[in-house]
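Readers should treat all values here as calculations from the given coordinates under stated rules, not as data from a laboratory. All values reported here derive from a predicted model rather than from experimental measurement. Cβ placement follows ideal geometry from the backbone for every residue including glycine, while neighbour counts extend to all protein chains displayed.
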Amino acid sequence: MYRFLLTPRWLAFHVLVLLIIPSFVLLGRWQFGRYEERSGTSHQTAGNLAAAPVPVERLTTPGGTVRVQDKYRSVTATGTFDAGAQLVVRRRVQDGVVGFYVLTPLTTASGTGVLVNRGWVKAGATPDSLPEVPPPVSGEVTVTGRLRPTETEDSTGIRDREGLPKGQVLLINTEAIGRGLPYRLLGGYVDLIEQSPKATVAPAPLPEPDIGEGGGLNLAYGVQWWLFIGIAIGGWIMLIRREAADLQAAAAGAVPGRRSGDAEPSEGDEPAGPSQSTGPAEPAESTPSPESARPAELAQSPESVQPAEPAQSTGPVRPAEPTRPADPGTPPPSGRPSQPEESEESARSAKRAGA
């Protein structure tokens, strides 16, 4: 009964299902991996934001890098802003508006510097014109901020290019920016949260980082891919059983194409067809006209057909002449056919003799 599973059509369907199931397994595992990665990063970021600030020199070194587990860690630094080396970072969006980040190096007492992102300012009249930037606080200042790793094309998706106006950059790349400075820069940079003393006029503060949903969507996608595995297997089995049931019904004499459980067609649903009589059709009887039926009635009248009774007289009786049929064209006045006079005389003679 299941030999149909070896037909070319079903073999192709088997191959398709066997390819779909492993693909759904791999896609589900990949989403679960992304969920674990993002969940770990989200928990770590939340912990770093809530941690107490530490000196920036404890987490990074001149020419070094910022570890992934130290991203967004609260740090402090004390020094003097180098306003002459200040830069603006192009194509930075805040609150749906394109503008610039203000990047100012802070030199420390140890002779090293750290890049500080002081905030966001609106773009100028043209993309190449410098925006209006509030000057940094002069003198010694202590800043508190979030430590960030240096930016690259791979980490940001921003393509760096040369030929920009003076004082503008596309990426906060510590190594590239440090080449033009007389002091060494610590790895990474700091997003300013607060400073002491405070500035009278300052760029717009930076928003807190988006921790995200912790990979919740990835978890839902992973479960969804694995549910598709069950749907694929269940549909495969259902189609096989349905095909087997149809073949079994056809073998049992059912109407091809009708599955078991379908209602039988009623007599009224049968299409009209030619007559199913075995013999030739009989012609319809024509209705005789009154004129043609009248001779038949006269011929079938009992009085005109039955002969008169013989006379019971002792003498010889003259035989009655045969009855002649009435003229078909002349109807009798009483509805009975007329008789010859000889028949009437014979009848009266017979009655007298009987009397």
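Remarks
- A simple count of charges around residue 107, restricted to other residues whose Cβ falls under 12 Å of its Cβ and scoring Lys, Arg +1 and Asp, Glu -1, yields -1.
- Size descriptors for the stretch 119-255 (Cα atoms only): Rg and Dmax, in that order, 30.4, 101 Å.
- Around residue 153: net Lys/Arg minus Asp/Glu count, Cβ-Cβ under 14 Å: -2
- Annotation: extensible slack from residue 37 through residue 227 equals 66.2 nm (criterion: 0.36 nm per residue apart, minus Cα-Cα distance).
- The Cα center of the stretch 1-76 and the Cα center of the stretch 108-124 differ in position by 34 Å.
- Simple spin-label estimate for residue 49 and residue 210 gives 1.2 nm between the two label positions (7 Å along the Cα-to-Cβ direction from each Cα).
- 5 angstrom amide H check on residue 184, placed H, neighbours 5+ away: 113
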